[in-house]
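**Q** What follows is a single structure, and I will ask about it in a moment.
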Amino acid sequence: MAEAGALRRNRLLAAVPRAALESVAGRMTVSAAMRDQVVHQPGERMDSVMFPLEGLFSLVVTDPFGSFTSIATVGREGAIELAPALGSVPVPTEIVCLIGGMIAEMPTDDLRMLLDASPPFRSAIFRYMGARFVDCVEVSACHRLHPLEARMARCLLTTRDRIERDEFPCTHEQLAGLLGATRPKVSLALKTLQRAGTVIHSRGSVRILDPVALEAMTCGCYTTIRNAFQAADRPPR
């Protein structure tokens, strides 16, 4: 059983009118996800939608040869696996916790009920899905077109936005998966960012020292993604 007040730490759930959220909170569960925990395997049936209250989660695709890459990350701004709840085909991804935190689960039947009963929530969901589409398109193009240092700067700033912290655990292996690059290349790019005084990496943790200078090192994709999610947070006039 979850408390409606705690659920509003997630920005999508914060868009639900209080009375409507309280009506389903008793059927929701809140649990802790630990770093590196796999919270969903491809092909598993999902009868609920996950709403991170903190932490960061990665949607990972693995090919038949064992190579893997992250196609998206989700934090407090969104939800995980909305597509099956909305009647679409399940996304064939493994969901891995990159940064530990609490996560709330809402039964899909309750989600559909809220979509019908709460126009503000329905609007927030649709705006979020639009921002997520922009995110996926930009990241895909960024991986193909832009230098690794710029992609890393974009990735670190996006993570900062989604967990609202300047320091967070992040290994070379995780960065390699997020950026579709090898660990040696990730190490070289990270050293470039450190020499510029924008970040420091030590003992598996990254601390952003100068977000303004780090943003100047991005390729512009970061600004597009940030603006899309900021717009998703604002209800239409």
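No value in this document is a laboratory result; all are computed from the given coordinates. Note that the structure is predicted; figures quoted are calculated from it, not measured. Using ideal geometry, Cβ is built from the backbone for each residue, glycine included, and neighbour counts are taken over all protein chains shown.
**Q** Pop out the ³J(HN,Hα) list for segment 143-155 in order, Karplus 6.51 cos²θ - 1.76 cosθ + 1.60 with θ = phi - 60°, rounded to Hz; leave Gly and Pro as x.
**A** Those phi angles translate into 4, 8, 10, 10, x, 4, 4, 5, 5, 5, 4, 4, 5 Hz.
**Q** Sorted by mean Cβ packing within 10 Å, highest first, what order do the peptides 42-49, 210-217, 71-78, 21-28 take?
**A** Top to bottom by mean Cβ count within 10 Å: 71-78, 21-28, 210-217, 42-49.
**Q** Hey, another quick one. Scan [x] -0.23, -0.30, -0.67, -1.28; [y] -0.30, -0.39, -0.79, -1.25; [z] -0.33, -0.43, -0.93, -1.34 for the value of log10 I(q)/I(0) by the Debye sum over Cα atoms at q = 0.07, 0.08, 0.12, 0.17 Å⁻¹ calculated from this model and give just the label.
**A** So the calculated entry is the one marked [x].
**Q** Using a 4.7 Å Cβ cut-off, which Cys residues in the chain lack a partner cysteine?
**A** Among the cysteines of the chain, those whose Cβ sits 4.7 Å or more from every other are Cys97, Cys136, Cys155, Cys170, Cys219.
**Q** If you don't mind, there's one more thing I want to ask. With θ taken as phi - 60° and the coefficients 6.51, -1.76 and 1.60, list the Karplus ³J(HN,Hα) couplings across segment 7-18 in order, rounded to whole Hz; mark glycine and proline as x.
**A** For segment 7-18, the Karplus curve yields 5, 6, 5, 7, 6, 6, 5, 5, 7, 7, x, 3 Hz.
**Q** Apply the Karplus curve 6.51 cos²θ - 1.76 cosθ + 1.60, θ = phi - 60°, to the phi angles in segment 204-213 and return the couplings in whole Hz, x for Gly and Pro.
**A** Each residue of segment 204-213 in turn: x, 10, 10, 10, 7, 8, 9, x, 5, 5 Hz.
**Q** Rounding to the nearest 20 debye, state how big the charge dipole of segment 74-195 is about its Cα centre with +1 on each Lys and Arg Cβ and -1 on each Asp and Glu Cβ.
**A** Roughly 620 debye for segment 74-195.
**Q** Count neighbours as other Cβ atoms within 10 Å of each site's Cβ, and list the GluC sites (Glu not before Pro) in segment 98-180 that are DSSP loop with at most 16 such neighbours.
**A** Glu164
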